[in-house]
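Structure first, then comments.
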Amino acid sequence: MPIDLRPIIDDIANQADDFLAEASDRKHARAGIEEFITLEHGDLSPRDRKLVVDGVMAVLEAEDFFATEFVGDAFKDDEGGRDE
């Protein structure tokens, strides 16, 4: 009988603010989730681990967890800015 991974996914996603506070991008977040799973759910199969990581990332994306990522300097004036 397959294990229901939804409670694990939800639990990890709910704790993401705590253990992903230093994650600077999606790649680092994925690595942090993998590390968290190793520590907290080390008995999961490699297949289940991947499903959990993918599930947590999907939840975080849906919650706009990564909305603070910027390309370039978000506070820099536009080139050729307006005179005020």
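The values are calculated or read from the model by the stated rules, or taken from the named source; none is laboratory data. Note that the coordinates shown come from a computational prediction; the quantities given were computed from them, not determined experimentally. So basically every Cβ, Gly included, is an ideal-geometry build from the backbone, and we count neighbours across all protein chains shown.
Quickly run through segment 48-67 and pick out the residues that are outside any helix (DSSP H, G or I) and either within 8 Å of the chain's Cα centre (by Cα) or at pLDDT 90 or above (or both). Lay out the reasoning, then the answer.
To start, the set of residues in segment 48-67 that are outside any helix (DSSP H, G or I) comprises 63-67.
Phe65, Phe66 - these are the residues of segment 48-67 that are outside any helix (DSSP H, G or I) and either within 8 Å of the chain's Cα centre (by Cα) or at pLDDT 90 or above (or both).
Number of residues in segment 30-47 that are closer than 20 Å to Asp17 by Cα and either of a type in the set (A, V, I, L, M) or in a loop (DSSP other than H, G, I, E, B) (or both) equals 5.
Go through segment 22-66 and give me each residue that's among the basic types (Lys, Arg) and surrounded by 15 or more Cβ atoms within 10 Å (Cβ to Cβ). Please lay out each step first, then the result.
Within segment 22-66, the subset among the basic types (Lys, Arg) is 26-27, 30, 47, 49-50.
Residues satisfying the conditions are Arg30, Arg49.
Once segment 1-21 is narrowed to residues that are among the charged types (D, E, K, R) and in a helix (DSSP H, G or I), the residue that is surrounded by the fewest Cβ atoms within 10 Å (Cβ to Cβ) is Asp18.
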